[in-house]
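Asker: Input: one structure, supplied below.
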Amino acid sequence: MIYRINPDTKMIDVFRSNWTPREIELERYLLPKEGTDDPILESSVFGEPLILISNQVKTRLKKRADILALDKAGSSVIIELKRDSGVLGLETQALQYLADFSAYKGQDFIARFSRYSPTLKEHILGFLGYDVRVEDINKQSRIILIARGFDPVIFSMGEWLSEHGVAFRCIEYTPFEISDNHFLTFSVAFDRSPESLYPLIFQSRAREPGYFWHNIGFEDNDWWHFLVKKGQINTGFDNRPGDQGERILKNYISGDVIVAYCSGYGAIGWGVIENPSSYRLIKPNDPDDYWKGIHLHRLDIVWKVTAPNIDDGMRADIIRNEFGIYHPVSTSARIDNEKAQRLIKLLGEKFSRQQVLAM
């Protein structure tokens, strides 16, 4: 909600913009940018990474769901958009789509929707990582509604649905204009998401150390040299406290092995997290602010083996064929321990200690 200060009364008025984007426009804003190979929906809106399966996807009854996605737990997410207010019936429409798509599980789910993208299987497995088995894909389903506002009856239905195993979230958007520029704000109006989406920090610390992909974010050789020299890994997202970037880095524990990945080049090195409390959100214009205001979340890492240049990386297709490990689609994804151990051994042979960057 946007409020405007009334200059006469000095009170706040609810601001209503004359600009109201159409549903198809809203959909376009939320989808991955065209021309990129990044299938992740706008995480700053949803508060979590979601991988796009398809938009405007047909059901068996020839209806069209706005957006179908998967979350990190492998649950399908039905996302329905409404230009104006969400009223009773919007959730019923989403439930119809949920009932249709929930019939496809595991390999059947991948096969059903691969017709829309030949790389869908690779993207899904890279997104889910080792934490979710293929046969567990789409065992559960969720609903997210996005509208200008919501009738409270929708929230009552959301309570009932969540009690019956269907996680339910309502996101409210507000359009506004400044001069000739259009803006959108998004806020969660109702949320009955699975608790696993928001684990307590001490719960993540209770696990055993593991192996993880971590995407360095930019296909830039000087950036890779900088991270190696500084002994850092990074995330971006909103570059604010508490966002997805902070949660990713704070989820790592002492002893976690991180395999660095650069999109288009493959695995470029590995290291170990020894001090997870070293996380920090650096300030703009800090000496470590390499990208001038973005990718400000940082965590210290002890690099063990690094490629001299990103061009020397071990390509994703080789890793997939040799080890059955799919490249990461999101920033971080867990890797099977045994497969990861074989991978880092080969990386050590490829990037010998003598090849570690001398900075």
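The values are calculated or read from the model by the stated rules, or taken from the named source; none is laboratory data. All values derive from a computational prediction rather than experimental measurement. Positions of Cβ are generated from backbone atoms using ideal geometry, with glycine treated the same way; all protein chains shown enter the neighbour counts.
Asker: Return the only residue of Ser162, Ser141, Ser117 being crowded, with 17+ Cβ neighbours inside 10 Å and within 21 Å of Arg64 (Cβ to Cβ).
Answerer: That would be Ser141, the only listed residue that is crowded, with 17+ Cβ neighbours inside 10 Å and within 21 Å of Arg64 (Cβ to Cβ).
Asker: Taking the options Gly324, Gly313, Gly231, Gly242, name whichever one is within 28 Å of Ile51 (Cβ to Cβ) and either in contact (Cβ under 8 Å) with a residue 24 or more places away in the chain or of a type in the set (Phe, Trp, Tyr) (or both).
Answerer: Gly313
Asker: Still on this structure, please answer the following. Out of Ser277, Ser263, which single residue is without any contact (Cβ under 8 Å) to a residue 40 or more places away in the chain and not charged (D, E, K, R)?
Answerer: Ser277
Asker: Could we say that Gly35 is at pLDDT below 80 and either in contact with a His (Cβ under 8 Å, 6 or more places away or on another chain) or on the phi > 0 side of the Ramachandran plot (or both) here?
Answerer: The answer is yes for Gly35.
Asker: Right, here's the next one. Of everything in segment 117-149, what is among the aromatic types (Phe, Trp, Tyr) and modelled with pLDDT of 90 or more? Give them in sequence order.
Answerer: Phe127
Asker: Just a yes or no: is a residue in segment 131-148 out of contact with any Phe, Trp or Tyr (no Cβ under 8 Å at 6 or more places or on another chain) and hydroxyl-bearing (Ser, Thr, Tyr)?
Answerer: So far as segment 131-148 goes, no, none of its residues is out of contact with any Phe, Trp or Tyr (no Cβ under 8 Å at 6 or more places or on another chain) and hydroxyl-bearing (Ser, Thr, Tyr).
Asker: Tell me which residues, restricted to segment 62-112, are outside any strand (DSSP E or B), over 23 Å from Ile154 (Cβ atoms) and touching a residue at least 12 places away in the same chain (Cβ under 8 Å).
Answerer: Within segment 62-112, Lys72, Ala73, Gly74, Tyr104, Lys105, Gly106, Gln107, Phe109, Ile110 qualify.
Asker: Can you find a residue that is more than 28 Å from Ser278 (Cα to Cα) and not basic (Lys, Arg) anywhere in segment 294-313?
Answerer: yes
Asker: Could you list, ordered by first residue, the pairs with Cβ atoms under 7 Å in which the first is in segment 138-165 and in contact (Cβ under 8 Å) with a residue 24 or more places away in the chain and the second is charged (D, E, K, R) and in a helix (DSSP H, G or I), at least 6 apart or interchain?
Answerer: Filtered contacts from segment 138-165: Ile143/Glu91; Leu145/Glu91; Ile154/Glu91; Met157/Glu91.
Asker: Quick check on Pro328: is it surrounded by 15 or more Cβ atoms within 10 Å (Cβ to Cβ), closer than 16 Å to Phe212 by Cβ and at pLDDT below 95?
Answerer: yes
Asker: Can you tell me how many residues within segment 132-165 are part of a strand (DSSP E or B) and over 13 Å from Ser193 (Cα atoms)?
Answerer: 4
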